[in-house]
Amino acid sequence: MQFFWVNLGTTHREAKNCKFLWAPLNSQTSNGNTHRRTHWENVGKVKAGDLIFCYHNNYVRAIARAERDAYRSERPSTRAFNEWNHEGFRVDITLETLNRPLLSKSISAAYQTQFDSRTTPTLFNSTGGVNQIYMAQLPADAAYFLMEQAEVITKYEDLLINAGAVSRVNETTREALIRARLGQGTFRAEVMKRWEGKCALTGVRNPNLLVASHIHAWSLANNHARLDADNGLLLATHIDRLFDCGLISFHECGQLIISDSLTAEEQKVFGLTTFTSIDTLNAGNRLYLAKHRERFKLS
């Protein structure tokens with residue numbers, strides 16, 4: 001499954017009432033030069049079942065699902081821009097309006113820090129405004145973030161689980177995967193056992209302050225990795241938050257890596273000058289940590 005963001009602008013009624021998205025193959029300047037745009041070409045990449053976050057007038061207002069693969073189609077009569085190519089890509093959609101629309105300004109800072117460098121093209125400009133593009137392709141963890149912020153993640157759990165499967169998922173496994181997403185259930189029990197009931201970095205033992213954290217994010221992983229205890233670190237809540245946001249990671253030897261985004265004072269407050277390594281990483285942990293470092297460009 002793939003994920004996209006579309007800026008609807010004046011075409012929001014077209015998407016809502018006519019249930020389709022469209023972008024030209026290219027445009028031509030007055031001197032005859034042809035221009036192709038990544039944000040138009042993304043429409044042609046959409047496959048049946050993909051999810052598209054629909055943005056209009058400062059808010060993400062709906063999530064669309066592609067009914068079929070994108071296909072070549074003539075320019076709709078509603079599009080009056082003569083410089084656009086007469087042929088483009090069309091995606092037929094179903095649309096679900098969000099009960100809690102997302103204000104772009106409320107998510108822009110977090111999105112830029114964690115996801116924008118892996119979004120094609122990038123969504124936000126330096127002031128936190130949305131770039132003037134049509135469609136961007138999102139990494140899976142960015143889509144997961146948006147669903148969480150809109151409080152609709154539970155509506156899409158089955159789709160996310162099926163996307164991570166190589167065969168049919170039985171109900172027992174499905175329930176385990178749902179609980180693992182929350183750091184609970186069998187996954188938590190196995191991670192607690194693996195790390196002897198204490199934070200892998202700080203040694204904190206109070207279970208109320210410990211999170212069974214996925215090393216390679218649940219949203220990016222397949223179903224095997226979502227349940228694999230080797231893909232888990234038991235972390236104190238504040239350490240989990242730093243790790244989840246990519247502000248820290250670990251070398252394969254266990255040495256702590258700290259993002260340049262954390263000031264010296266913040267490192268001191270969080271205890272990162274005191275606790276500097278994990279001593280008991282196994283081969284599985286190291287494989288997943290390599291993915292975490294790559295995701296956040298930490299080395």
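Details
- For segment 196-229, a tally of residues being part of a strand (DSSP E or B), aliphatic (A, V, I, L, M), closer than 17 Å to F275 by Cβ and touching a helix residue (DSSP H, G or I) at 6+ places or on another chain (Cβ under 7 Å) returns 1.
- In segment 168-190, the residues that are assigned to a helix (DSSP H, G or I), touching a strand residue (DSSP E or B) at 6+ places or on another chain (Cβ under 9 Å) and either modelled with pLDDT under 95 or under 18 Å from L220 (Cβ atoms) (or both): A180, R181, F187
- The set of residues in segment 270-299 that are closer than 19 Å to T113 by Cβ and among the aliphatic types (A, V, I, L, M) comprises L272, L298.
- With respect to the conditions (1) buried (at least 16 other Cβ atoms within 10 Å of the Cβ); (2) of a type in the set (V, I, T); (3) assigned to a helix (DSSP H, G or I), I133 lacks only one, and its number is (3).
- Long-range neighbours under 8 Å by Cβ, at least six apart or interchain, first residue outside the structural domain of C245 (by TED's automatic domain parsing) within segment 110-126, second loosely packed, with under 15 Cβ neighbours inside 10 Å and assigned to a helix (DSSP H, G or I): T120/T38; P121/T38
- Looking only at segment 136-167, and only at residues there that are outside any helix (DSSP H, G or I) and modelled with pLDDT of 95 or more, the one that is nearest to V60 (Cα to Cα): A150
- Looking only at residues of segment 48-80 that are among the acidic types (D, E) and not in a strand (DSSP E or B), we find that the one that is nearest to A23 (Cα to Cα) is D69.
- Selection of segment 94-107 for residues being within 20 Å of I153 (Cβ to Cβ) and either not assigned by TED's automatic domain parsing to the domain that holds K19 or not acidic (D, E) (or both) yields T94, L95, T97, L98, N99, R100, P101, L102, L103, S104, S106, I107.
- Residue check for A62: over 21 Å from the mean Cα position of the chain (by Cα) and either without any contact (Cβ under 8 Å) to a residue 12 or more places away in the chain or buried (at least 19 other Cβ atoms within 10 Å of the Cβ) (or both): no
- Members of segment 23-57 found to be modelled with pLDDT under 95 and more than 20 Å from T119 (Cα to Cα), listed by number: P24, L25, N26, S27, Q28, T29, S30, N31, G32, N33, T34, H35
Yes or no, residue by residue, for (1) aliphatic (A, V, I, L, M); (2) within 26 Å of A189 (Cα to Cα):
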position: P139; (1), (2): no, no
position: L146; (1), (2): yes, no
position: A150; (1), (2): yes, no
position: L160; (1), (2): yes, yes
position: A163; (1), (2): yes, yes
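- When segment 218-271 is filtered for residues that are among the polar types (S, T, N, Q) and more than 22 Å from the chain's Cα centre (by Cα), the ones remaining, listed by number, are Q255, T263, Q267.
- Residue, surrounded by the fewest Cβ atoms within 10 Å (Cβ to Cβ), within segment 232-258, restricted to residues that are of a type in the set (G, A, S) and touching a strand residue (DSSP E or B) at 6+ places or on another chain (Cβ under 7 Å): G254
- The set of residues in segment 244-299 that are assigned to a helix (DSSP H, G or I), small (G, A, S) and farther than 21 Å from G197 by Cβ comprises A264, A283, A290.
- Among the residues making up segment 230-242, those that are in contact with a helix residue (DSSP H, G or I) (Cβ under 6 Å, 6 or more places away or on another chain) and closer than 17 Å to L287 by Cβ are D230, N231, G232.
- Here G183 meets the list (1) more than 21 Å from the chain's Cα centre (by Cα); (2) at positive phi almost entirely, failing just condition (1).
The values are calculated or read from the model by the stated rules, or taken from the named source; none is laboratory data. Quick caveat, the model's predicted, so the values are computed rather than measured. All Cβ positions, even for glycine, are placed from backbone atoms using ideal geometry, and neighbour counts span all protein chains on display.
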